[in-house]
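Here is the structure we will look at.
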Amino acid sequence: MASRKKKTDKANADDSFERAVNRLGEIVEGLESGDLPLEESLKLFEEGVTLARSSQATLDAAEKRVEELLSVDDDGNPIVKTIGTDE
């Protein structure tokens with residue numbers, strides 16, 4: 001049951017990241033159009049900064065996972081780890 005929850009959480013996180021990136025694209029298009037009133041532009045900018053920060057945190061975590069998967073010992077042998085362990 002815990003494995004199913006982890007898969008669901010991961011799928012939700014992936015979906016959330018994709019939605020954030022898509023929304024960022026929409027925000028950029030809106031801001032670049034130059035057609036928005038200042039107050040609306042500021043609100044969109046604030047939303048964009050929040051989304052960019054959370055997306056960057058997601059990317060940082062993914063990069064750390066990749067680094068863990070690609071790590072090698074002093075002899076060049078792969079270090080096999082299970083993701084999510086602190087060993």
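Based on Cα positions only, what radius of gyration and what Dmax would you give for segment 25-85, in angstroms?
Cα-based Rg and Dmax for segment 25-85 come out at 19.7, 61 Å.
What FRET efficiency would be calculated for the residue pair ASP74, GLU29, taking the C-beta separation as r and a Förster radius of 35 Å, to the nearest 0.05?
For ASP74 and GLU29, the calculated efficiency is 0.10.
Within a Cβ distance under 14 Å of PHE45, other residues only, what is the Lys/Arg minus Asp/Glu net charge?
So the surrounding residues net to -4.
Computed from the coordinates by the stated procedures, all read-outs in this text should not be read as laboratory data. From a predicted model like this one, the values you see are computed outputs, not experimental measurements. As a convention, Cβ positions derive from the backbone with ideal geometry for all residues, glycine included, and neighbour counts pool all protein chains shown.
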